[in-house]
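Below you'll find the structure, written out as structure tokens, and then a few comments.
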Amino acid sequence: MKKSFLLILSLAFFLCLLAGCSKKGASWGAGTSGAVGAGDSGVPGGAGAAGVTGAGGLATGAGDGENISIPQRIVTLSPAATEILYAIGAGNQIAAVSEFSDYPPEASGKPVVGGFDGKTLSMEKILSFQPDFIYMTQGMHNFLIEQLDSYGIAYYLSQGDSIDAVLKEVVEIAKITGHEGAGSALAEKIRAECDSVYKLDRSVSVFYEVWNSPFMTAATKSFIHDVITRAGGINIFADVNEAYPIVSEEAIIARGPEVILLPASNGISAEDVKARAGWQDIPAVKNNRIYLINDSLYSRPATRIGECVQNLNELLASYSESADDANDNANANANANANAR
């Protein structure tokens with residue numbers, strides 16, 4: 001039952017990210033997301049009822065922008081937000097976290113405000129933690145904005161749709177929470193991790209299965225697509241200009257991925273995939289290149305994204321090398337046969 005509930009919430013999370021993908025960048029502060037807030041400060045997410053500056057600025061005093069107020073009672077509404085705050089040294093400033101905030105391990109000891117699916121949240125429960133800052137996700141939590149404005153509570157809307165967006169968010173949140181130096185250092189570390197991957201002899205085509213009923217994948221506007229590309233792969237649905245589209249089984253088969261990635265919590269095994277009708281001729285199936293991946297690492301646009309790129313790069317490198325060896329052996333056999341004649 002718990003696993004089924006988790007699967008439903010995971011699916012809802014991806015769908016809500018898709019719903020918010022038309023908004024670019026991250027915004028924080030009182031007022032409409034990505035627009036000038038109450039008080040007309042002239043900057044996105046500008047100074048409003050909560051008295052905040054534009055995106056990337058610091059929370060300030062009530063409206064005048066003079067007295068900087070570092071948030072001390074933050075409520076995070078996603079596991080990724082929790083992970084980022086701990087990574088920059090702001091764990092002690094967290095008053096409550098969303099369900100499934102399990103990284104780092106000490107996050108599990110925080111009070112839980114509700115699930116990251118907006119349907120499981122209530123403003124009453126959020127306010128019970130006396131927050132001075134809410135860390136939210138674009139598309140998932142926008143329905144809270146009007147009420148937060150009315151209460152004068154500052155907020156940040158995460159838009160982690162690429163690796164660069166995640167790095168920008170780390171720096172901005174670090175500045176907001178008073179950990180600017182740590183945030184900048186962490187962003188550089190993640191960038192270096194992404195840049196240090198092994199250069200493959202050739203790119204490997206990848207299918208990332210978000211869900212299987214119906215089939216859903218990660219396409220161009222998702223951070224997972226960026227991870228695949230940075231790791232040396234080719235997303236077989238790179239031509240789909242969406243984040244997490246529903247795709248047909250026929251399209252997956254026709255595009256013939258060399259590697260298939262399955263989130264472990266989906267409850268689908270490699271053997272289940274091999275048993276699907278019509279999948280036997282897909283290169284990933286024929287060559288046993290179906291990998292169960294760690295959802296916590298791969299599905300969260302947070303501070304382990306560099307580790308995720310490196311992990312996938314290692315998987316793809318092993319395939320690329322084995323494919324090259326197979327080609328070399330095939331060529332050697334062909335030459336041997338030709339010489340024998």
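The values are calculated or read from the model by the stated rules, or taken from the named source; none is laboratory data. The shown structure was predicted, so the numbers you read here are calculated from the model rather than taken from an experiment. Note that each Cβ is placed from the backbone with ideal geometry, even for glycine, and that neighbours are counted across all protein chains shown. Side chains are part of the model used for accessible areas, which takes the heavy atoms of the whole protein and leaves out ligands, DNA and RNA. Shrake-Rupley method; radii C 1.70, N 1.55, O 1.52, S 1.80 Å.
Descriptive notes on the structure:
- Yes/no for residue 228 being under 25 Å from residue 159 (Cα atoms), assigned to a helix (DSSP H, G or I) and in contact (Cβ under 8 Å) with a residue 40 or more places away in the chain: yes
- Flag for residue 190 being modelled with pLDDT of 95 or more, among the β-branched types (Val, Ile, Thr) and under 28 Å from residue 241 (Cβ atoms): yes
- Residue within region 318-339 that is open to solvent by less than 30 Å² (accessible area, probe 1.4 Å) and at pLDDT 90 or above present: no
- Output for region 145-162, where each listed residue is of a type outside the set (Val, Ile, Thr) and under 21 Å from residue 177 (Cα atoms): 148, 149, 151, 152, 154, 155, 156, 157, 158, 159, 160
- On the stretch given as region 211-232, residues that are on the phi < 0 side of the Ramachandran plot and open to solvent by 10 Å² or more (accessible area, probe 1.4 Å) total 11.
- The set of residues from region 242-263 being free of Cβ contacts under 8 Å to residues at least 24 places away in the same chain and either closer than 19 Å to residue 299 by Cα or basic (Lys, Arg) (or both) is empty.
- When residue 243 is tested against (1) in a loop (DSSP other than H, G, I, E, B); (2) closer than 30 Å to residue 93 by Cα, only condition (2) is not met.
- Lone unmet requirement of (1) assigned to a helix (DSSP H, G or I); (2) at pLDDT 95 or above for residue 143: (2)
- The set of residues in region 81-130 being among the β-branched types (Val, Ile, Thr) and part of a strand (DSSP E or B) consists of 94, 97, 112, 113.
- Residue match in region 235-251 (condition: open to solvent by 50 Å² or more (accessible area, probe 1.4 Å), over 20 Å from residue 295 (Cβ atoms) and among the β-branched types (Val, Ile, Thr)): no
- Filtering region 179-187 for residues that are touching a residue at least 40 places away in the same chain (Cβ under 8 Å) and open to solvent by 60 Å² or more (accessible area, probe 1.4 Å) leaves an empty set.
For (1) out of contact with any Pro (no Cβ under 8 Å at 6 or more places or on another chain); (2) touching a residue at least 24 places away in the same chain (Cβ under 8 Å); (3) more than 15 Å from residue 78 (Cα to Cα), each residue gets a yes or a no:
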| position | (1), (2), (3) |
| --- | --- |
| 111 | yes, no, no |
| 115 | yes, yes, no |
| 119 | yes, yes, no |
| 128 | yes, no, yes |
| 132 | no, yes, yes |
| 135 | yes, yes, no |
| 142 | yes, yes, no |
| 152 | yes, yes, yes |
| 155 | yes, yes, no |
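- Test: residue in region 167-178 that is assigned to a loop (DSSP other than H, G, I, E, B), in contact with a Lys or Arg (Cβ under 8 Å, 6 or more places away or on another chain), surrounded by 20 or more Cβ atoms within 10 Å (Cβ to Cβ) and polar (S, T, N, Q): no
- Condition met for residue 203 (within 27 Å of residue 244 (Cα to Cα) and open to solvent by 20 Å² or more (accessible area, probe 1.4 Å)): yes
- Residue within region 45-68 that is within 18 Å of residue 154 (Cα to Cα), open to solvent by 40 Å² or more (accessible area, probe 1.4 Å) and modelled with pLDDT of 50 or more present: yes
- When 198, 156, 208 are checked against the criterion of being open to solvent by less than 10 Å² (accessible area, probe 1.4 Å), hydroxyl-bearing (Ser, Thr, Tyr) and in contact with a helix residue (DSSP H, G or I) (Cβ under 6 Å, 6 or more places away or on another chain), 208 stands alone in meeting it.
- Residue list for region 286-296, restricted to those being farther than 15 Å from residue 78 by Cβ and open to solvent by 10 Å² or more (accessible area, probe 1.4 Å): 286, 287, 288, 289, 290, 291, 292, 294
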